[in-house]
Amino acid sequence: MSADSAAQSVTGASLKAALDSPGIGDAIYRLATEIYPICRSITGEGVRETLRALSKHAPIVQHEVATGTPVLDWTVPKEWVIRDAWIKKATGARIVDFQKHNLHVLNYSTPIRATLPLAELKKNIFTLPEQPDLIPYRTSYYNERWGFCMSQNALDALPDGDYEVCVDSELKDGSLTYGEIVHRGASDEEVLFSVHTCHPSLANDNCSGMALLALLAGAMAKVKTRYTYRFLFAPGTIGAITWLARNGEAAKRIKHGLVMSCVGDRGGFTYKRTRRGNARIDRVMTRVLNDAKIIDFFPYGYDERQYASPGFDLDVGLFQRTQFATFPEYHTSGDNLDFITPDALAGSYRAVISAIDALENERRYLNTVPHGEPQLGRRGLYAAIGGDKDSYAKSMAMLWVLNLSDGDHSLEDIAERAGAELSVIEATAVLLEDAGLLRLL
Ligand code: ZN
């Protein structure tokens, strides 16, 4: 049976039902647990191994872009190979051991093999004095150096003396890896879902997002949709830039998008608006995420800022639970598998499928007489509604529907803006469509 004939055409409540399953939170958590130990970076085997694990759930196509390739204003960097890293006394066991936690090595560290006094060693060690039990996550992508990360308490416990240090790594010509799935819908218009794949053992940021997106893509393969959906698994910043550099034409077809990260913690939802601030995805997410913290766009964070650079100007929002950089576990060893839960992951997944459902099923109309207000009386439309005590509200509903039927606003948007019941707006749209003043898109 072909994939196409296996796909079901589903709408409304049945679309959500087709994408959901009772055990979805546990399934996402299991996959996040599987990829959590992998040492990822912006390039290297960790990203490939992660994509292979995710590929068991969705048909991810892996792309490799060679080191040195110009991508927009950037260049694809060298590939990082990390085999081992440790600090030890000349005669003793490892004090800091990459094999125990991959956050111990400065991500993208250059190789080193040396014996150093403690004072010298400390110049290349990163800690979190305010959170002395935790290992920080640090990177040095565009400034080649070596280093280690450890807890302040462990560092304070080191006696003076000489230490052997080893980072068995390599920065070599290789490639940057990203994964992509395109789920074809009836329309060429696209919805983009994008997650970063470059962080090592950090559960919320972003094993949660990668696992959620892989299982969503797997579920989407079984349904037919109106939009085409593009799922992107790419290292932060340079991955999105590389994709944009190679996919200028596809980018033009992206009408709505979400970057997803930190979707597994116990906090409530956060939604960061698109640069435009009132795009359809903004309105959909605001409706879908009850009680979410809604924040305005700012040009920092995740890859929404690449997609929203003025040359591309895509309507891509950021979906999270607790906002990045605001929880104490952020970018530390505290962002571990205890910090995310199946329930939270399930809640995030269901929010995303609600957004998909809203995008798939929203009705938008075009006003066929958009220049000036159409003469309603001549068409008997005031008569159709006039006379009763609700006539003012009905007239206003008619004027709102005509005014906002610009192709961009759905009936839900119009109801919200007009402060009217959706049922009233729907009935009004039917009346206006019958009168030839609206055309369904
Ligand atoms: Zn991060």
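The values are calculated or read from the model by the stated rules, or taken from the named source; none is laboratory data. Since the model is a prediction, treat every value here as computed from it, not as a measurement. Ideal geometry is used to build each Cβ from the backbone, glycine not excepted, and the neighbour counts take in all protein chains shown. When the accessible area is computed, the model is the full protein with side chains, heavy atoms only, and any ligands, DNA or RNA have been set aside. Shrake-Rupley method; radii C 1.70, N 1.55, O 1.52, S 1.80 Å.
Computed quantities for the displayed model
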item: The chain: angle of helix 24-35 to the longest principal axis, Cα-based, in degrees nearest 10; result: 30 degrees
item: In Hz, Karplus ³J(HN,Hα) per residue of region 200-210 (6.51, -1.76, 1.60; θ = phi - 60°; x = Gly, Pro); result: x, 6, 10, 6, 6, 10, 8, 4, 4, x, 5
item: Difference of contour (0.36 nm per residue) and Cα-Cα distance, Asn143 to Val61; result: 26.5 nm
item: Under 15 Å, Cβ to Cβ, from Lys272 - net charge with Lys/Arg +1 and Asp/Glu -1; result: +1
item: Gaussian network model of the chain, Cα within-10 Å springs - most flexible of Ala203, Ala18, Ala93; result: Ala93
item: For region 80-172, radius of gyration divided by Kirkwood radius, i.e. Rg to Rh on alpha-carbons; result: 0.93
item: Estimated FRET transfer efficiency when R0 is 35 angstrom, pair Ala114-Tyr300 (beta carbons, to 0.05); result: 0.45
item: FRET efficiency for Glu421 and Arg30, using Cβ-Cβ distance with R0 set to 41 Å, rounded to 0.05; result: 0.45
item: Selected from Ala245, Ala214, Ala119 as most flexible by GNM, with the chain as the system and alpha-carbon contacts under 10 Å; result: Ala119
item: Percent carbon-and-sulfur accessible area, region 135-213, ignoring ligands, DNA and RNA, probe 1.4 Å; result: 41 percent
item: GluC sites (Glu not before Pro) lying in DSSP loop within region 82-191, provided at most 10 other Cβ fall within 10 Å; result: Glu130
item: Cα gyration tensor shape for region 364-440, rounded if a/c is under 1.5, else prolate or oblate; result: oblate
item: Residue pairs, from the table Lys56/Lys272; Lys88/Lys123; Lys78/Lys100; Lys89/Lys123; Lys224/Lys252, whose Cα atoms sit over 19 Å apart; result: Lys56/Lys272; Lys78/Lys100; Lys224/Lys252
item: Percent carbon-and-sulfur accessible area, region 321-379, ignoring ligands, DNA and RNA, probe 1.4 Å; result: 48 percent
item: Region 429-441 - phi-based ³J(HN,Hα) in whole Hz, Karplus 6.51/-1.76/1.60, Gly and Pro as x; result: 4, 4, 4, 6, 5, 4, 7, x, 8, 10, 10, 5, 7
item: Other-chain or far-sequence residues with amide H under 5 Å of Arg94's (modelled H); result: none
item: Per principal axis, descending, Cα span of the chain in whole Å; result: 96, 43, 41
item: Probe 1.4 Å, accessible area per residue of the chain, Å²; result: 42 Å²
